[in-house]
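Engineer: Here you go, one structure.
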Amino acid sequence: MIQSRRIRTALIVAVALFATAACASTRTQTSMGEQIDDTVITAKIKSELIADPLTKAHEIDVEVFKGRVQLNGFVRSNEMRTQAIALARRVDGVVAVDNNLKLKAAADHSAGESIDDALLTGSVKSALAADTRTNALRVNVETRDSVVLLAGFVNTAEARTAAGEIARGIKGVRRVDNQLAVK
């Protein structure tokens, strides 16, 4: 009886330790609680951007990893960029804001240029997905005037470098702005 009680206690302790370890975060992965926190932060920032008359939420991509926020995309004015950063910073749980917002060129985009940029974006995304060095699902790709913006969080410096090289290798890409952050 004492023997079985010891075995049962040992099993309970082992399961508790395993469960605790499985829920813990690492440098490149978040725990379940951190994932929920990051999702809540993302939703709050997007809500702030939508509610604000100056910012255009549909033009700003928000990525969050362990409270570190990336604002990515192309905006029409410096005021929009400044306001988006201020809105993100005031959300509870935000530990840092990386400003990857780029100003759009003053001239409007023609339909042909928009189509070309969309094709470049698709080509870059496809090439990233085909390469085992990158985690294409974690890389945000946006293109404006044949300039490709890469943003998001990747696990290694090698993945960051590879993504930049892949994007530069796509025909028609004028320049790559690699804002990928290593977790």
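Engineer: Given R₀ = 22 Å, what would the calculated FRET efficiency be for residue 146 paired with residue 126, taking r from the Cβ atoms and rounding to 0.05? Spell out each step's value before the answer.
Structural biologist: Numbers: r = 17 Å, r/R0 = 0.77.
The value I calculate is 0.85.
Engineer: Rounded to the nearest 0.05, what FRET efficiency do residue 54 and residue 177 give with R0 = 30 Å and r taken as the Cβ-Cβ distance? Could you check?
Structural biologist: Numbers: r = 24 Å, r/R0 = 0.79.
Calculated value: 0.80.
Engineer: Can you list the aspartates and glutamates whose alpha carbon is less than 20 Å from that of residue 66, not counting same-chain residues fewer than 8 positions off?
Structural biologist: Those aspartates and glutamates meeting the cut-off are 34, 37, 38, 48, 92, 98.
Engineer: Local charge sum around residue 70 (other residues, Cβ-Cβ under 9 Å, Lys/Arg +1, Asp/Glu -1)? It would help to have the intermediate numbers written out before the result.
Structural biologist: Working: positive: 68; negative: 61, 63, 98.
Summing Lys and Arg as +1 and Asp and Glu as -1 gives -2.
Engineer: For residue 125, go through the lysines and keep the ones whose alpha-carbon is under 22 Å away, minus same-chain ones fewer than eight residues off.
Structural biologist: 102, 104, 171, 183
Engineer: I've got another one for you. Would you mind calculating the gained length between residue 157 and residue 40 on full extension (0.36 nm times residue separation, minus the Cα-Cα distance), in nm to one decimal?
Structural biologist: Working: separation 117, 0.36 × 117 = 42.12 nm, distance 2.75 nm.
Residue separation times 0.36 nm, minus the Cα-Cα distance, leaves 39.4 nm.
Engineer: Please report the relative contact order for region 32-103, taking Cα pairs under 8 Å with a sequence separation of at least 6, and give it as a percent rounded to a whole number. Could the numbers behind the result be given before it?
Structural biologist: Details: 117 pairs, mean separation 23.7, N = 72.
It rounds to 33 percent for region 32-103.
Engineer: Modelled label-to-label distance, residue 133 and residue 78, 7 Å Cα→beta-carbon offset: nm?
Structural biologist: Each label point is offset 7 Å from its Cα along the Cβ direction, giving 3.7 nm.
Engineer: How high is the relative contact order of region 111-182, given as a whole-number percent (alpha carbon pairs under 8 Å, six or more residues apart)?
Structural biologist: 32 percent
Bear in mind these aren't lab numbers, they're just calculated from the coordinates by the rules spelled out. Quick caveat: nothing in here was measured; it's all calculated off a predicted structure. Here the Cβ is made from the backbone with ideal geometry for all residues, glycine too, and neighbour counts use every protein chain on show.
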